[in-house]
Each structure stands twice: as C-alpha cells, then as structure tokens.
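What follows is a set of notes on a single structure, which appears directly below.
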Amino acid sequence: MRVFKFGGASVKDAEGIKNVYDVLQKVGYEDVLLIVSAMGKTTNALELVIKNYFDKSPELSSAVQEVKKYHNQIVMDLFEDEKNAVFAAVNSQFSDLEYFLANNKSPNYNFVYDQIVSFGELISTTILSHFMTFMGIQTQWLDVRNFIKTDANYRDAEVDWELTQKNISKNIKSKILNITQGFLGSDENNFTTTLGREGSDYTAAIFAYCLNAESVTIWKDVPGVMNADPRYFENASLLNQISYREAIELAFYGASVIHPKTLQPLQKKEIPLYVKSFINPLLKGTSVSKGVDLEPHLSCFIVKKNQLLISLSSIDFSFIMEENISEIFALFHRFKLKVNLIQNSAISFSVCVEDKFNNFNELNAILSKKFKVDFEENVTLYTIRHFNDTAAHTVEENKVVLLKQVSRETMQVVTKEI
Ligand code: ADP
Ligand code: ASP
Ligand code: MG
C-alpha cells in the first residue's frame, strides 16, 4: 500500500481538488490511502470560530458563515448537479457543527477546540471523496476516529499504538482508493482529539507504520525538501536525498515542510518518505530514506519567527544549577512553552522559546518571584545545519545578534531586525 498525504494548500479550491485527481491519474491510485487536511486555511478559520464562541462574541455566526461560504463555493465549482449527494453530506456536517455550538456544556477549551476544529478535515474529505466517485474512481471514505485511538490530551493527543494497530490491520480494504482525515483521532469515550497543528503528516506516518506501507508521499506546493524555506531564501535548492536522522534534525529545528513526529515511525520500519510537488507529480522530489545524510551536501537554513528570548539571572548572585534548571523546565512544560535553544552560565540562564498558547505573562509572574527576568519579544531564531562562514554571514547580515550557539554540525543564532 502507498500512503499519500495532501495538505491544505493542495486542496484549497476546486482547481486544487481537480489537480489531486490529475495527480492520481498520473501516479496511480490502486492500493492507495489518501490522508487529507482541511482545505486551505480552514483550521485557522475554525480557530476564529472557537475564539468567538468562548468570547461569546456576536461575530460567532458570521465566522461560521465564512467557513460555510468557502466550502459551498468549492462544492458548487466542482459539481454542476445540485442533486449530487455531496450537498446534503456537507450540509449535514455544518448542521452537526452548529448543533455542537448551540448545545455544548463543556467549559474545557482544549476539548471544545478539538470538537470544532475537526470539522475542517471531516468536510474536506467528504468533498474530495464525492468528487473522486463523481470522476469514476471507486472510493471509500473512512472516519479516521475509528482507527487512530489516543489519550484525552486534547489538542496534542498521544497515540495508543496498540489499539490503533489493531483497528488499522483489520479494517482497511486494498484495491480501492481509501480517503481519510489527517490530524484527528478519538479518545476512549470516542470524543474527537487532534494530534497537534500540522499533524496530518504524522497521520500518514501512523497509517504507513501500521500497514507496513511501501512508502509515504506528501504532496506539496514546493518541489520537495529544500535547503531553506523558499519563502524566505531566494536561492533555495532541492535536496534529492536525506537520511532519516538528518530529516529528524531538520524537522526538529523547525523545517516546517515535514512535521517532526512523522519521521520516527517511518524510520523504525525503514519506510521511505517522498516529498513531491503536486504541480509536477512525475518529478522525483526528495526521498527521505536509509542512505546518505544529505545529497547534495549543502548548508540548510531553518527560520523560526516570533520567538521569545528569556534570560533569567539569580537575584542574589547564587549559581543557577540543576535544581533551579529542573524547576524552570517544569514551569515551561506546565505553561506549554516550547524551548528551542538553551544557554547557561554560572548565574544566568537564557532560552529561546515559542509561546504558542500565550502563557508567558502568567509564567513571568511566577519566575519573577525568584529570578531577575529579562525578555525580548518577536525575535527570530535561525538554525543552520552544516554551517560554514558564508552561511553564517547570510543570517547575521544586517541584524542584531542577541545570542549564538555553535556545535559541530549546527549553528543557532537569535536575531532581532535592525
Ligand atoms: P501543507 O499544505 O502540506 O500543510 P505546508 O504549507 O505546511 O504544506 O508546507 C509547505 C511549505 O513549507 C512550503 O510552501 C514552504 O514555504 C515551507 N517550507 C519550510 N521549510 C521548507 C523547506 N526546507 N523546503 C521546502 N519547503 C519548506
Ligand atoms: N488542518 C490541520 C492544521 O492546519 C492539520 C494539517 O493541516 O496538517 O494544522
Ligand atoms: Mg500544513
């Protein structure tokens, strides 16, 4: 079996969905499982619905209407005949969403988030599978929540591999085109959970692992994994081959083209991961597999914007040692700050973190009781794997360097724009 993942960008409009059909025509769809994300920026639009819901804002209904309008337009562009079953199927999903909004009693933000945001993937896969059927491909729509079982840690759920393996082994038919949702799972009470933003790549890896798949292909709007994000670096070049180890490093440091959790299950079974262009599906793209670390061997640049640089120093000049550090880390964990770089000296400790959940103010109040806290918001973290002088110069040029750390293969620089 081959597992294909189509992300939001590939299904952002009717043209995109038609293009998925063209890709399948070119590369074949026998024994294929498609993992599909929400269309375009739907997850962000649903996050806005959630915000309005919790704020009890009068904008709630227009936020829902936006999502509806966007999908209805796509459905109309794809299917001429309004009698097509897709209209009723999509309407029924929006009714379920509205029913949830009207009747939910849970005050648990993360729980509510997952119940709402999941409609993005449920609706996109419904539209896509109706379209494939309409085009004459024998298709089976699967509810991923019957396969991927997780704990109840909403918004960042952990997979129960044993149960998931059991569900996947017995219930996936080959020979037809299977279509299911990325990003979602369900807990033991069958409530919807999600695997973390951008988690659809990970879904593809979970299925591939459990199915002993031949390969995973993630279809992108770029030719493959490049040595830098082409949005920020004009001269980015395609990497033909990357080892699992190198790809894990790149994804860990934030090369957002692959979700970091994706590689571990694939590496365990040596299942190759191909990253290819959905615009030129017959080009080779990038292969992540056992083999040479990096071909061609280039410096790789990873940019993480909107970081927070925090420096803690002891108020009484006492040392910052293991005990303090473990306490500080426990706090970062509790407030869900992701640490991307650490540097410490005798009496001070600096970290570059990402505050996705906007918890820093609360954390700062606690830290300030014990430490002198300095922080700089909105800094950029550059990571260069396999750096050289020219590469270092590229990221430092015309910027203020706030912190720099160099190890054998990796250089990290925290900068602020002048
Ligand atoms: P998806 O639609 O699958 O969610 P994403 O938008 O998350 O796709 O990922 C594709 C984007 O990743 C590209 O458009 C590119 O801007 C960005 N990207 C970041 N780092 C890299 C890299 N090293 N190589 C290629 N693309 C990268
Ligand atoms: N739709 C989800 C997100 O935007 C998951 C994904 O696209 O991978 O985060
Ligand atoms: Mg994405």
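Pairs of Cα atoms nearer than 8 Å and 6+ residues apart set the relative contact order; for the chain it is 13 percent. Per-atom-type breakdown for the stretch 314-360 gives carbon and sulfur 59% of the accessible area (1.4 Å probe, protein chains only).
In whole angstrom, how far apart do the alpha carbon centroids of the stretch 232-279 and the stretch 136-182 sit? When both Cα centres are located, 23 Å separates them.
To check you understand DSSP bridge types, tell me what percent of the beta bridges within the chain (both residues inside) are antiparallel, rounded to 5. Looking only at bridges with both residues in the chain, the antiparallel portion is about 65 percent. Solvent-accessible area of ASP229, all protein chains in place: 40 Å² (probe radius 1.4 Å, heavy atoms, ligands and nucleic acids excluded). Each residue, LYS305 and LYS173, gets one label point 7 Å from its Cα in the Cβ direction; the gap between the two is 4.7 nm. Convex hull volume of the C-alpha atoms in the stretch 82-146, normalised per residue: 84 Å³. Within the set of other residues whose C-beta is less than 15 Å from the C-beta of ASN212, count the net charge using Lys and Arg as +1 and Asp and Glu as -1. Value of the local net charge: +2. Among the chymotrypsin sites (Phe, Trp or Tyr not before Pro) in the stretch 282-323, those located in a DSSP loop and surrounded by at most 10 other Cβ atoms within 10 Å of their own Cβ are PHE317. When a 1.4 Å probe is rolled over the protein heavy atoms, the share of accessible surface on the stretch 230-269 that falls to carbon and sulfur comes to 49 percent. Electrostatic tally near ILE302: other residues with Cβ closer than 10 Å to its Cβ, Lys and Arg +1, Asp and Glu -1, net 0. Here the relative contact order of the stretch 205-325, from alpha carbon pairs under 8 Å that lie six or more residues apart, stands at 33 percent.
Using a probe of 1.4 Å, the accessible surface attributed to HIS333 totals some 150 Å² when neighbouring protein chains are kept in position.
Report the FRET efficiency, 1/(1 + (r/R0)^6), for ASP156 and SER407, where r is their Cβ-Cβ distance and R0 is 25 Å, rounded to 0.05. Efficiency at R0 = 25 Å is approximately 0.30. Dividing the alpha-carbon radius of gyration of the chain by the rule-of-thumb value 2.2 N^0.38 Å gives 1.05. Accessible surface computed residue by residue for the stretch 23-138, with neighbouring protein chains in place and a 1.4 Å probe, gives 47 Å² per residue.
In this calculation the C-beta distance from GLN25 to PHE252 is compared with R0 = 45 Å, giving a FRET efficiency of 0.80. Scaled against the 2.2 N^0.38 Å expected of a compact globular protein of N residues, the Cα radius of gyration of the stretch 134-176 reads 1.47. If you average over every viewing direction, what projected area does the convex hull of the Cα atoms of the stretch 309-418 give, in nm²? Over every viewing direction, the Cα hull of the stretch 309-418 projects on average to 7.4 nm².
You can think of it this way: the chain between LEU282 and ASN190 has 29.1 nm of extra reach, that is 0.36 nm per residue less the Cα-Cα gap. How big, on average over all directions, is the shadow cast by the Cα convex hull of the stretch 173-271, in nm²? Mean projected area for the stretch 173-271: 7.8 nm², to one decimal. For the peptides 203-209, 262-268, residues were scored by their other Cβ atoms within 10 Å and the scores averaged per peptide; the highest-first order is 203-209, 262-268. Full extension of the chain between LYS56 and MET135 yields a length gain of 24.2 nm, computed as 0.36 nm times the residue separation minus the alpha carbon distance. Rolling a 1.4 Å probe across the protein heavy atoms gives the stretch 297-407 an accessible surface of 55 Å² per residue. Given R₀ = 56 Å, FRET efficiency for ARG197-ILE315 by Cβ-Cβ distance, to 0.05? Efficiency, from the Cβ-Cβ distance: 0.90.
Below 8 Å, C-alpha to C-alpha, sequence gap of six or more: please give me the relative contact order for the stretch 325-378 in percent. RCO, the stretch 325-378: 29 percent.
Ligands, DNA and RNA excluded, the heavy atoms of LYS175 present near 130 Å² of accessible surface to a 1.4 Å solvent probe.
Roll a 1.4 angstrom probe over the protein heavy atoms and tell me the percent of accessible area of the stretch 3-102 that is carbon or sulfur. Here it works out to 51 percent. Applying a DSSP loop filter and a limit of 16 other Cβ atoms within 10 Å to the chymotrypsin sites (Phe, Trp or Tyr not before Pro) in the stretch 333-418 leaves PHE357. Summing charges over neighbours of LYS290, with a neighbour being any other residue whose Cβ is under 15 Å away from its Cβ, gives -2 when K and R count +1 and D and E count -1. For the stretch 47-168, the convex hull spanned by the alpha carbon atoms encloses 112 Å³ per residue.
The values are calculated or read from the model by the stated rules, or taken from the named source; none is laboratory data. It should be emphasised that the depicted structure is a prediction, and the values quoted were computed from it without experimental measurement. Please note: Cβ atoms are built from the backbone with ideal geometry, for glycine as well, and neighbour counts cover all protein chains shown. When the accessible area is computed, the model is the full protein with side chains, heavy atoms only, and any ligands, DNA or RNA have been set aside. Shrake-Rupley method; radii C 1.70, N 1.55, O 1.52, S 1.80 Å.
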